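To start, the structure under review is shown below, and the notes come after it.
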Amino acid sequence: MRMPRRGLVIQARTRWLLVGLALLFSLVLLMYLLECAPQTDNNGSLPGVVGESMGKEYYQALLQEQEEHYQNRATSLKRQIAQLKQELQEMSDKLKSLQEKKSPKVNGMNYQGTKEQTSNDLLEFLHSQIDKAEVSVGAKLPSEYGVIPFESFTSMKVFQLEMGLTRHPEEKPVRKDKRDELVEVIEAGLEVINNPDEEDGQDEDDGVGDRQLYSENDFIEGYYRTERDKGTQYELFYKKMDGMEYRHVTLFRPFGPLMKVKSETVDISRSIINVIVPLAGRTEAFAQFMQNFRDVCIHQDKRVHLTVVYFGQDGLSEVKSILESVARETDFHNYTLVSLNEEFNRGRGLDMGARAWEKGEVLMFFCDVDVYFTAEFLNSCRLNAEPGKKVFYPVVFSLYNPAIVYANQDIPPPVEQQLVHKKDSGFWRDFGFGMTCQYRTDFLTVGGFDLEVKGWGGEDVHLYRKYLHGELMVVRTPVPGLFHLWHEKHCADELAPEQYRMCIQSKAMNEASHSHLGMLVFRDEIEAHLRKQAYRTNSDAL
């Protein structure tokens with residue numbers, strides 16, 4: 001009789017030991033979550049208006065970003081715990097379903113079969129939503145206003161077109177549900193990459209140990225847009241710090257769970273970009289452009305060809321001298337200078353630059369001399385254009401007149417310090433379609449520019465509409481690494497009425513923000529008020 005009693009004692013001790021281990025694990029997990037969730041600091045603030053010092057506020061902003069990073073990490077861990085609980089519940093449900101297989105039939109049909117049919121119908125509907133949406137192929141649209149633009153985002157910020165008078169062109173997601181949505185999407189993309197299906201093109205022989213795993217730190221950028229009657233599309237790009245290959249994941253949320261559309265590896269290490277710049281005069285602006293080109297394309301990217309199409313003879317020798325000087329100092333010879341002794345025509349210049357390339361297929365970036373771009377933008381250009389499938393129309397951030405933006409300073413800061421996304425420093429130029437990345441064969445297939453358009457404006461919209469009326473997908477999104485520098489604009493009397501209206505509209509939009517223009521309009525009233533205040537102060541002193 002002793003053996004059963006001892007067995008009961010051992011069994012009881014074992015049960016208490018398991019309970020103790022479970023409590024210990026819960027305590028350690030709670031301590032870890034508390035450690036990952038830092039205390040908030042109500043004194044943190046981001047740098048304010050343009051021109052403020054990069055001192056205390058700058059470091060407070062960095063600390064705030066770190067806090068949000070760890071808070072997101074804690075949220076991610078909590079979500080993973082919830083997912084584990086859900087998986088345990090699903091396992092329990094599967095056990096129950098095995099028992100239900102022997103359940104009686106209802107109206108001649110097994111009840112389990114009815115549930116499976118309902119699930120299949122739901123999946124079929126969700127996949128039909130993907131087929132209807134503009135995810136894999138482009139849709140024919142009536143005009144340039146029919147495109148649903150993407151909004152771009154990183155792990156910390158969103159770059160948005162729709163601002164109104166309260167939102168900012170670059171901001172952190174304020175609403176918690178929006179932050180959680182982007183964190184969920186980034187994690188879903190990582191799940192697709194790190195646990196690929198057979199259809200993703202991964203070799204079956206590659207084990208988990210041989211496969212390179214990605215983390216949230218490898219997320220580079222993403223784009224999203226919502227078609228109101230179908231769902232939200234996400235384009236996500238990941239890259240290891242020391243690698244040149246990008247992982248591209250497309251997800252679609254058809255007003256329900258996220259569904260994977262595709263997962264692919266994108267190798268851009270050999271992708272050459274032909275930067276084509278039409279020019280007439282403006283040699284000082286070209287010298288500034290070449291400084292940016294030297295820093296970004298020659299020293300950093302090293303996979304760029306430059307084509308300059310120059311109109312007229314006045315200033316041609318200076319342009320040649322600038323190009324030759326850069327070639328001597330950097331040993332860069334991948335450039336072409338096309339000289340046209342005729343009146344300036346932007347469409348004609350870009351068309352000649354595209355046709356001057358004689359080495360087969362190439363990715364082209366149609367650029368202007370007043371545009372400043374980063375090395376990150378060049379990679380975005382490569383990732384979002386695909387021959388026969390996609391053309392890239394980034395939305396440029398256009399800077400206002402620095403003499404107005406920095407009127408409280410003796411002189412405006414250097415150009416590099418003006419490149420900030422603030423409401424008073426610039427705006428997303430969503431009515432401009434001149435900057436674009438597209439492959440040469442696609443450009444020639446649609447017929448290129450309308451060369452009948454003379455002078456300023458119009459030619460880029462005509463080309464844009466050609467793509468909208470065709471089968472190619474148009475990727476339209478603001479990008480943080482593309483800026484249009486302010487310059488004096490002159491609208492010639494010879495322009496057609498429609499062109500002249502567009503030119504004046506562009507001139508007004510480029511000058512200053514709503515608030516700065518208001519200060520200029522009411523400047524006399526403000527000065528009169530200040531004089532009255534000074535007079536009253538002096539009178540009170542007497």
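Expected output is a single nm value to one decimal: the length gained when fully extending between residue 324 and residue 341, i.e. 0.36 nm times separation in residues minus the C-alpha distance. What is it?
On the way: separation 17, 0.36 × 17 = 6.12 nm, distance 2.08 nm.
Result for the pair: 4.0 nm of gain on full extension.
For the range 275-322, which trypsin sites (Lys or Arg not before Pro) are in a loop by DSSP, counting at most 11 other Cβ atoms within 10 Å?
On the way: sites: 282, 294, 302, 303, 320; in loops: 282, 302, 303.
Sparse-neighbourhood loop trypsin sites (Lys or Arg not before Pro): 302.
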Checklist entry - With every protein chain present, what accessible area does residue 156 have (1.4 Å probe, heavy atoms only), rounded to the nearest 10 Å²? => result 40 Å²
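Would you please give the FRET efficiency between residue 496 and residue 70, computed as 1/(1 + (r/R0)^6) with r the Cβ-Cβ distance and R0 = 60 Å, to the nearest 0.05? Intermediate results must be reported in sequence, preceding the final value.
Details: r = 58 Å, r/R0 = 0.96.
In this case the efficiency is close to 0.55.
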Item to check | Long-range HN-HN contacts of residue 401 with modeled amide H, under 5 Å | outcome: 512
Checklist entry - Label residue 264 and residue 420 with points 7 Å out from Cα along Cα→Cβ: what is the distance between them in nm? => result 4.0 nm
Checklist outcome for this item: Counting only residues 5 or more apart in sequence or on a different chain, those whose built amide H sits under 5 Å from that of residue 272 are 363
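For the range 273-518, just say rounded, prolate or oblate: build the C-alpha gyration tensor, square-root its eigenvalues into a ≥ b ≥ c, call rounded for a/c under 1.5, and beyond that prolate if a/b exceeds b/c, oblate if not.
Rounded is the answer for the range 273-518, as its axis ratio a/c remains below 1.5.
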Item to check | Two-site label geometry, residue 523 and residue 401: point separation in nm, points 7 Å out along Cα→Cβ | outcome: 0.8 nm
Checklist outcome for this item: Scoring only Lys, Arg, Asp and Glu (+1, +1, -1, -1) among other residues with Cβ under 14 Å from the Cβ of residue 285 yields -3
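Using a 10 Å cut-off on Cβ atoms, rank the peptides 176-187, 307-318, 485-496 from the highest mean neighbour count down. Intermediate values should be presented prior to the final figure.
Details: 176-187: 16.0, 307-318: 17.7, 485-496: 12.9.
Per-residue mean Cβ counts within 10 Å order the peptides as 307-318, 176-187, 485-496.
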Checklist entry - Taking the alpha-carbon centroid of each part, what is the distance from the range 400-454 to the range 337-381 in angstrom? => result 15 Å
Next on the checklist: About the Cα centre, and with charges only on the beta carbon of Lys, Arg (+1) and Asp, Glu (-1), how big is the dipole of the range 273-518? Nearest 20 debye, please.
Outcome noted: 660 debye
Item to check | Two-site label geometry, residue 541 and residue 162: point separation in nm, points 7 Å out along Cα→Cβ | outcome: 5.4 nm
Checklist entry - Accessible area of residue 321, 1.4 Å probe, to the nearest 10 Å²? => result 60 Å²
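Quick one: which of 262/466; 176/230; 172/489 span more than 30 angstrom between C-alpha atoms?
Values: 262/466 27 Å; 176/230 24 Å; 172/489 34 Å.
172/489, as the Cα separations exceed 30 Å there.
The values are calculated or read from the model by the stated rules, or taken from the named source; none is laboratory data. These figures come from a predicted structure and were not determined experimentally. When we count neighbours, we look across all protein chains shown, and the Cβ atoms used for this are built from the backbone with ideal geometry, even at glycine. The area values use the complete protein model at the heavy-atom level, side chains included, leaving out ligands, DNA and RNA. Shrake-Rupley method; radii C 1.70, N 1.55, O 1.52, S 1.80 Å.
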